[in-house]
Structures are given as C-alpha cells and as structure tokens.
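Step one of this worksheet: look at the structure below.
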Amino acid sequence: MNPLQFILLCLAGWINRQQQAVIEYLQEEVRVLKEIHGKRPRFNDQQRRRLAAKAKKIRFGKLGQIANIATPHTLRAWFRKLVAQKYDSSAKRSPGRPRTQDQIVGLVLQFAQENETWGYTRIRDALDNVGHEICRETVANILRDHGIVPAPERRAKTTWAEFLKRHWDVLAATDFFTVEVFTRKGIVRYQVLFVMRLATREVHIAGVSEEGNGPWMEQIARILTDGFDGFLNGYRFLVHDRDPLFTTEFLTILKDAGVRSVRLPKRSPNLNAFAERFVRSIKEECLDRMIFFSEAMLRHVVDEYIAHYHGERNHQGLESKIIHPNFQRTDEGEIRRKQRLGGMLNFYCREAA
C-alpha cells in the first residue's frame, strides 16, 4: 500500500465516523422529541412523499437501523403508493358508459311532455329525424330518471292545465267581483261581471249592477253571443263557477249560440285561476285604493283600468308582452310618463321627437 492510498483510507474512515456520529445524534434527537410529545406523529401526504423518496436511496438493512419515526416497511409502502399514483388514470375515466348528452335528454323530455301518447319507440324515431340516434332503452331510462310515466299512464292523467292549453283558442272564462260604493242609501255592493279570452287574456266588462238578476244575465248572454260583434263569437266553451246568477236561461242562450258551459266543482277557485288572477290585479292595483261615491265613478275607473290592462300593462302569462300596445316601440326620443286616474296607473314609453 503506497502512502497516498493509506492517506485516502484514513480520510474515508474519518469521514465515515463523522457521518455515523451525525446519524446517531439525529436518531437520539428524534427519540427525545418522541418522548416529549408522547404520541405517534401524524404525517400529511407531502411529508410521506418526502420521507419515501429519501428512503428509496437507502438499502433496507441500513434503513432499519436509522429509521425512527416510521418503520422501513411503512416507508417502502409509501413509496409503492407513490409509484401507483404515477400510473393511476382513474381520475381521467368516467364509470360505465358515456353520459347521454344534455341536449338529447332535453329533447326526450320535451317530446314526452308535449306528446302524451308517444311511447319510447315513437320518441326514439322522432329523435332520429332530427339527427340524434339513441336506443329505445335509453329513452326509457331518461324518462324514468325524471319521473315521467310511460305513455299509457300519461294519457290517462291529463291535468287541468293541459286541458286548458289544448282549448286556448275556443275557451273563455267568466266571473264576478264586487265593489262597495257610497250612495245616498248608504254603502251599496255592486257586482261586476267580466269575461276573459284565455288565449289572449283579453277582458270584457259584461255588466255592472247593483242587483243582478235573471233577466239582466239573459240580456248579457245575448250581447256576448251577438253574431256581429259578440265577445264570445268563435268560442265554444265558457268556464264559470256555481254562482246562482248563471241561470238555466243564461246557459241556454249561450248553448243556442254554440257556447257550451263548463261548470266548475264547488270550492275550486284554482280551476278558474286566470279569472281569479284578473280580479286580484284590478283590486290590488286600482279598486282597493279608491273610495267610490257613485256607479258612474265605478264604471269610469273600471274602464280606465281595462284600457291600461290591454294597452299599457305587461303580462307575465304572455311572456311579459302587452295585449294590444297603444304606442310605437322605439329606442329614440325622450322617456315620458303617461298616467291614468291621477297617477295611480302609470306607463312609460319613448315619445318620438
């Protein structure tokens, strides 16, 4: 052994002893810390990853001598988990078959709701006509998931709302509302009879009376069904409640003119909801905010509201449109306020220069 080799050997031994001393000190320091805290440490994923990466570079036997806060088996297990995560692609996969496109689901539901007699096969064929090819079982699953029953059951469960929509263009509704008026005789309750075309929400005030009776109703029936300008011309059904003023003579005149009576069950205001909603609107927006001193005043206020209702008021049931706009829509000009009944009913539009 030459002198250089001897010097290198001594240097390597000295370095090894220094490293061993450092390791022994760090091991003892870990033991002291464990005694102070008195419980097993809990690691997060980042700490496990760092320990496992370092442990991979040390042989297993040596690792058993120096590892204090985790056993060699635990460190190896952490490393194997890191390797598995590297090649894990489960997060990029979706379980089972691909989801049906939301557009197709929407079309299936639309076809089923708009065509209660269509079964799974008919809906599948209709989708194929618009460029979407799916199987019959997929249609059945979509309808089942959204709580829509098969065609035979849907056909047997027609709702009142569906019935009304099918008969919009030939269906009208009528009802009364009452208003108290101060007169020389004291407070008198007036009855106001109105008729509504359900498709367009147009309202016609058929009559105002202090004491409605059979002859008065018969005359109203003749006016409503007049062949020249009767409000019910072209309509086949009239929805109404069981008010005794809807007499047999009144209904007979309507029937002779081709208008059939649809008499609602007792205590069922929701079945005449559109008429009820009009009553609520005219009372909340106008009548309940005024005191009337004559029949003429009542008629004038009702006429003003009807003009506002038809030509100036937006209706949510008509997609927020106005029934018969009495203005020209424009984006230019100054915004003006038009008012009725002293500003109780207001309307805003642009006035062309």
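Filter the range 327-347 down to residues that are under 21 Å from residue 283 (Cα atoms) and without any contact (Cβ under 8 Å) to a residue 12 or more places away in the chain and give me whichever is nearest to the chain's Cα centre (by Cα).
Step one: list which residues in the range 327-347 are under 21 Å from residue 283 (Cα atoms), which gives 338-347.
Imposing the further condition that a residue be without any contact (Cβ under 8 Å) to a residue 12 or more places away in the chain reduces the set to 339, 342-343, 346.
On the way: 339: 35, 342: 38, 343: 35, 346: 30 Å.
Checking each candidate, the answer is 346.
Might you let me know whether the range 305-319 holds any residue that is among the hydrophobic types (A, V, I, L, M, F, W, C), under 25 Å from residue 216 (Cβ atoms) and without any contact (Cβ under 8 Å) to a residue 60 or more places away in the chain?
Taking the range 305-319 and keeping what is among the hydrophobic types (A, V, I, L, M, F, W, C), we get 306-307, 318.
Applying the additional criterion that residues be under 25 Å from residue 216 (Cβ atoms) yields 306-307.
Subsequent filtering for residues that are without any contact (Cβ under 8 Å) to a residue 60 or more places away in the chain retains 307.
Yes, there is a match, as at least one residue in the range 305-319 is among the hydrophobic types (A, V, I, L, M, F, W, C), under 25 Å from residue 216 (Cβ atoms) and without any contact (Cβ under 8 Å) to a residue 60 or more places away in the chain.
Name every residue in the range 225-247 that is part of a loop (DSSP other than H, G, I, E, B) and under 34 Å from the mean Cα position of the chain (by Cα), in order of residue number.
Going through the range 225-247, the residues part of a loop (DSSP other than H, G, I, E, B) turn out to be 225-236, 241-247.
Within the range 225-247, 235, 236, 241 meet the criteria.
Given the conditions (1) out of contact with any Gly (no Cβ under 8 Å at 6 or more places or on another chain); (2) assigned by TED's automatic domain parsing to the domain that holds residue 224, report the number of the one that residue 247 does not fulfil.
Going through the list (1) out of contact with any Gly (no Cβ under 8 Å at 6 or more places or on another chain); (2) assigned by TED's automatic domain parsing to the domain that holds residue 224, residue 247 breaks only (1).
Would you pick out the residues in the range 297-333 that are more than 16 Å from residue 274 (Cα to Cα) and modelled with pLDDT under 85?
326, 327, 328, 329, 330, 331, 332, 333
Just for the range 306-326: of the residues that are under 20 Å from the mean Cα position of the chain (by Cα) and in a helix (DSSP H, G or I), which one is surrounded by the most Cβ atoms within 10 Å (Cβ to Cβ)? Let's see the steps before the verdict.
The initial filter retains those residues of the range 306-326 that are under 20 Å from the mean Cα position of the chain (by Cα), namely 315-320.
In the following step, the residues that additionally are in a helix (DSSP H, G or I) were identified as 316-318.
Numbers: 316: 8, 317: 10, 318: 12.
So, considering only residues that are under 20 Å from the mean Cα position of the chain (by Cα) and in a helix (DSSP H, G or I), the one surrounded by the most Cβ atoms within 10 Å (Cβ to Cβ) is 318.
Return the pairs, sorted by first residue and then second, in which the second residue is among the acidic types (Asp, Glu) and part of a loop (DSSP other than H, G, I, E, B), the first residue lies in the range 125-142 and is under 14 Å from residue 106 (Cα atoms), the beta carbons are less than 9 Å apart, and the residues are 6+ apart or on different chains.
Between residues of the range 125-142 that are under 14 Å from residue 106 (Cα atoms) and residues that are among the acidic types (Asp, Glu) and part of a loop (DSSP other than H, G, I, E, B), the close pairs are 127/133.
The values are calculated or read from the model by the stated rules, or taken from the named source; none is laboratory data. Please read these numbers as outputs of a predicted model, since none were measured by experiment. In this analysis, Cβ positions are derived from the backbone assuming ideal geometry, glycine residues included, and neighbour counts consider all displayed protein chains.
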